[in-house]
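> I am attaching a structure below and will ask some questions about it afterwards.
The values are calculated or read from the model by the stated rules, or taken from the named source; none is laboratory data. For clarity, every value in this text was computed on a predicted model and none was experimentally measured. Cβ sites come from the backbone with ideal geometry, for glycine too, and all protein chains shown count toward neighbours. In case anyone asks, the SASA skips ligands and DNA or RNA and just uses the protein heavy atoms, side chains included. Shrake-Rupley method; radii C 1.70, N 1.55, O 1.52, S 1.80 Å.
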Amino acid sequence: MEMQWIRENMETEQIIAARPTQMTVEAEVALPGGLREEARVYYTDATVQVNGGELAGNRITADGRVNFHVLYAQGDLAHVNALEASADFSQAMPLNAEETQSAAVRLKPRAQVQRVTAKAFNGRLLLQAVVNLNAEAALPRTVSFIQDASPDAPVQKATETISMQRTVGEGENQTLLREEFELSDVLKIKDTLFATAQAQVEDILAGSDGTATVTGTVTVEACHASDLPGRSLVYTRHTAPYEQQVTLSGALGNALTARTLVRDVAVLSQEAENGRVMRAEIQLTTEMTAVEDSAMTVLKDVFTTEGDALETHAQQIVFRDGTVNETAAESGRTVLALPEGSPRMKTALLAFVRPVLVEAARQKDKLAADGILDITLIYQTDDSAAPVSVRQEEPFHILFDTQAMPEDHLSLTASQVDPSAVTGDRAELKYILRLNADGVRKHEAQVLVDIQEVPAQETFRGVTLYYLQPGETLWDAAKRCRLPVEEIKRLNPSLEAEPRTGTPVLAYKR
C-alpha cells in the first residue's frame, strides 16, 4: 500500500559571514597656528561607528564614520592642546556565499580601529586610521521536511530532536547621557582636553508591552591640562549609571541580549560653586535582540521490514542553536623600555594602550588571547617643560575566563592604564584588558525531504552473521537486515549500546 507521510515546515535562520576587510580612512585638518610654528603630536586616538549596512547581491556595504582625537602642541611645546576631526566611509564586503536576496535579511556590521597615525605638515594634521570590518547576514529560511509517518505505516523509524534558536525581535535606542563630575582641587586642572568612555550592560528587564529596559554603567576616562609643577597632564576616571528603554519590533522571545555602544564623548571643565567640574555628554546606542528557543522532532531515517523498500532523500541543514554575548576582563602588567636615544624620564604622565588581537585559542576552560599592545607613553623630563611622547609595541598573552570561542567576534579594549617611572629609561604599565565576544553557535542535521517506495532486493532467510562496517551502528545493521532494532537487541543481548567496527551481529529471519 502507498504510505502516508506527515510533512512540516521548519523556520530556521541561516547565518552568513562576510569576508573580513581592512580599509584605511584618512582625514586632514588645519592647525590654528602659523605655518612656520613647530607642531608636535603627542597622541592620536580614533573610534569608529557603523551607521548601517545594506545587502546587494553577495556583498554587504557598511557605512560609518571615524572620529579622531589628537593631543598636540604648536609653537609653545609645553602647552598641550586637543582637536577633533572625522571622516565618513563606505566599504563593501563580499559574503562567503552565493548571491542572495531577502527582504527580511538582518545585517550586523562591526568595525574596530586597528592602528592610528597622525603627522604634522605645513600647518596641517594628516590623520590616518586602519579599520577592520566584518559583518554577518541572518537570512530566514523555511525548510519543508517529513516529520513522521502516519500511525498505521508498517515502518521502523529513527528520530532526532533538534534544538534551534532564531531571532524574533530587534530594537535600538539612542540617547544623550549628560553627567557632571567633580574634579579634585589637588590636580590643579586648567582645561579638559578629551575623554573616552566605555559602557557595560549589567541587567535587562523585559516589560509586558514589547519593551525592555537596559541598565548599566558608563566609565569615562579624561585627560586634562594641569598647573601642577612638573606634571602638565593628568588623568581622571569617573563612572555613571545609565538606563535605556528599547522597543522591540516583534516578540520578546525566550531570552534577550543587548550591547551598549559609546558613539561619541564631549567634555568640558569649568569653575562651579563648589570647585571645578567636568561636564560630559555621551552618545549611547543600545542594540537589543530577542531570541526564541524551540525544539522539533524530525524523522532521521526510516525503513520497512517487509514488502517494498523505501528510498529516502535527505537535505543537510545548518541552523543556529545558541547565542554568544559575553564580557570578560583581566588585569595586565608590562615594563616598557624607552627607545634608544630618548630623553630620560622623570615622571610618567599618561599612557594609552590599544590592544591588537592576533590569535585566540581555547586552553582547557579559558580563552587564550595573544597579540600586540600599541602603547603611547607621555612623560616629563628634568630638562624641559615640554612633555615627551614615545610609541612602542609590546606582545601580550592573557587568559580570559569565558566560554567564547576563537571563531566568535572578539574585540579587546584597554582601560585604567596606570604608568609609573621605574628608572630613567623604563616605565611600568598596569592596565585592564576587556574582552567582548558575540556570535552564534551553529549545528548541522539531516532531514528527510522525500521518501519513495521502491521494489525491495532479496534479503536472507534463516540465520546469518553480520559484521559491523566502519561507522555503522545497530540501526544500520537492522536496516541492512530489514529487522526491527529491538529484534536485533533480543538476539544479541551482550551487544554494547555503541558496538565497535567488526562486531558480529546475529540476525534471524523466518
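> If r is the Cβ-Cβ distance from residue 185 to residue 403 and R0 is 51 Å, what FRET efficiency results, to the nearest 0.05? Don't skip to the end; give the middle numbers.
Details: r = 46 Å, r/R0 = 0.91.
That gives a FRET efficiency of 0.65.
> Oh, and also: Quick one: the Cα spread of segment 84-172 along its three principal axes, in angstroms, biggest first?
If we take the Cα atoms of segment 84-172, the spans are 88, 26, 23 Å.
> Using the Cα centre as the reference, give the magnitude of the dipole from point charges on the C-beta atoms of the chain (Lys, Arg: +1; Asp, Glu: -1; all else neutral), rounded to the nearest 20 debye. Numbers along the way, then the final one.
Working: 48 positive and 73 negative charges, 202 e Å.
Its charge dipole is roughly 960 debye.
> Still on this structure, I have one more. If you roll a 1.4 Å probe over the heavy atoms of the protein chains, what accessible area per residue do you get for segment 332-402, in Å²? Intermediate values should be presented prior to the final figure.
Values: 3420 Å² over 71 residues.
Per-residue accessible area for segment 332-402 comes out at 48 Å².
> Between segment 424-491 and segment 55-70, what's the alpha-carbon centroid distance in Å?
Centre-to-centre distance over Cα atoms comes out at 41 Å.
> In Å, what Kirkwood hydrodynamic radius results for segment 271-375 from the alpha-carbon pair distances?
Roughly 23.0 Å, rounded to one decimal.
> Where nothing but the Cβ of Lys and Arg (+1) and of Asp and Glu (-1) is charged, how large is the charge dipole of segment 355-510 around its Cα centre, in debye to the nearest 20?
Working: 18 positive and 25 negative charges, 285 e Å.
Its charge dipole is roughly 1360 debye.
> Here is a further query. Give the long-range amide H neighbours of residue 13: residues separated by 5 or more places, or on another chain, with amide H under 5 Å away, using H modelled in the peptide plane at 1.01 Å from N.
For residue 13, the qualifying residues are 141, 320.
> Within segment 283-319, list the residues whose amide N lies under 12 Å from a label point set 7 Å along Cα→Cβ of residue 6.
Only 297-299 pass the distance filter.
> Have a look at 459, 43, 345 and report the one farthest towards the positive end of the charge dipole of the chain, computed about the Cα centre with Cβ charges (Lys/Arg +1, Asp/Glu -1).
345
> Quick one: what Rg and Dmax do you get for segment 243-313 from the alpha carbons, in Å?
28.4, 95
> Leaving out ligands, DNA and RNA, and with a 1.4 Å probe, what % of the accessible surface on the chain is carbon or sulfur? Walk me through the intermediate numbers first.
Values: 11250 of 25900 Å².
Carbon and sulfur atoms account for 43 percent of the accessible area of the chain.
> How much length would be gained if the chain were fully extended between residue 461 and residue 264, taking 0.36 nm per residue of separation minus their Cα-Cα distance, in nm to one decimal? Intermediate values should be presented prior to the final figure.
Details: separation 197, 0.36 × 197 = 70.92 nm, distance 7.90 nm.
Between residue 461 and residue 264, full extension yields 63.0 nm more.
> Pop out the ³J(HN,Hα) list for segment 498-510 in order, Karplus 6.51 cos²θ - 1.76 cosθ + 1.60 with θ = phi - 60°, rounded to Hz; leave Gly and Pro as x.
Computed from phi, the couplings for segment 498-510 are 10, x, 7, 4, x, 5, x, 10, 8, 10, 9, 9, 6 Hz.
> Taking 20 °C and 1.002 mPa s as the conditions, I'd like the Stokes-Einstein D for segment 150-263 in µm²/s, using the Kirkwood hydrodynamic radius from alpha carbon pairs.
On the way: Rh = 18.5 Å.
Reported coefficient: 116 µm²/s.
> Using just the helices of the chain, give the 222 nm mean residue ellipticity in deg cm²/dmol: DSSP H runs with n ≥ 4 each add -39,500 (n - 2.57), and the total is spread over all residues, rounded to 500.
Numbers: 2 runs with 15 residues, N = 510.
Mean residue ellipticity, 222 nm, calculated: -1000 deg cm²/dmol.
> Same structure again: Would you mind getting me the FRET efficiency between residue 228 and residue 178? Use the beta-carbon distance for r and R0 = 45 Å, nearest 0.05. If you can, show how the numbers build up before the last one.
Working: r = 28 Å, r/R0 = 0.63.
The computed FRET efficiency comes out at 0.95.
> For segment 204-282, what's the radius of gyration and Dmax over Cα atoms, in angstrom?
Looking at segment 204-282, its Cα Rg and Dmax stand at 18.7, 60 Å.
> Measure out, as a whole number of angstrom, how far apart the alpha-carbon centroids of segment 128-174 and segment 185-204 sit.
43 Å
> Also, quick follow-up: Write down the radius of gyration of the chain and its Dmax, each obtained from C-alpha positions, in Å.
31.3, 105
> For residue 295 and residue 251, FRET efficiency with R0 = 25 Å and r from the beta-carbon atoms, rounded to 0.05? Walk me through the intermediate numbers first.
Values: r = 17 Å, r/R0 = 0.70.
Between residue 251 and residue 295 the formula returns 0.90.
> Could you give the semi-axes, largest first, of the ellipsoid that matches segment 427-510, computed as the square roots of 5 times the alpha carbon gyration tensor eigenvalues and rounded to whole Å?
Working: eigenvalues 485, 81, 20 Å².
The three semi-axes for segment 427-510 are 49, 20, 10 Å.
> Using the Cα centre as the reference, give the magnitude of the dipole from point charges on the C-beta atoms of segment 264-328 (Lys, Arg: +1; Asp, Glu: -1; all else neutral), rounded to the nearest 20 debye. Please report the intermediate quantities before stating the final value.
Numbers: 4 positive and 13 negative charges, 73 e Å.
That gives segment 264-328 a dipole magnitude of about 340 debye.
> HN-Hα J couplings of segment 378-388 from phi, Karplus 6.51/-1.76/1.60, θ = phi - 60°, integer Hz, Gly and Pro as x?
Karplus-based 3J(HN,Hα) across segment 378-388 equals 10, 9, 10, 10, 7, 8, 8, 7, 7, x, 10 Hz.
> Report the semi-axes of the equivalent ellipsoid for segment 380-422 in whole Å, largest first, where each axis is √(5λ) for an eigenvalue λ of the Cα gyration tensor.
Values: eigenvalues 253, 25, 19 Å².
Value: 36, 11, 10 Å, ordered largest first.
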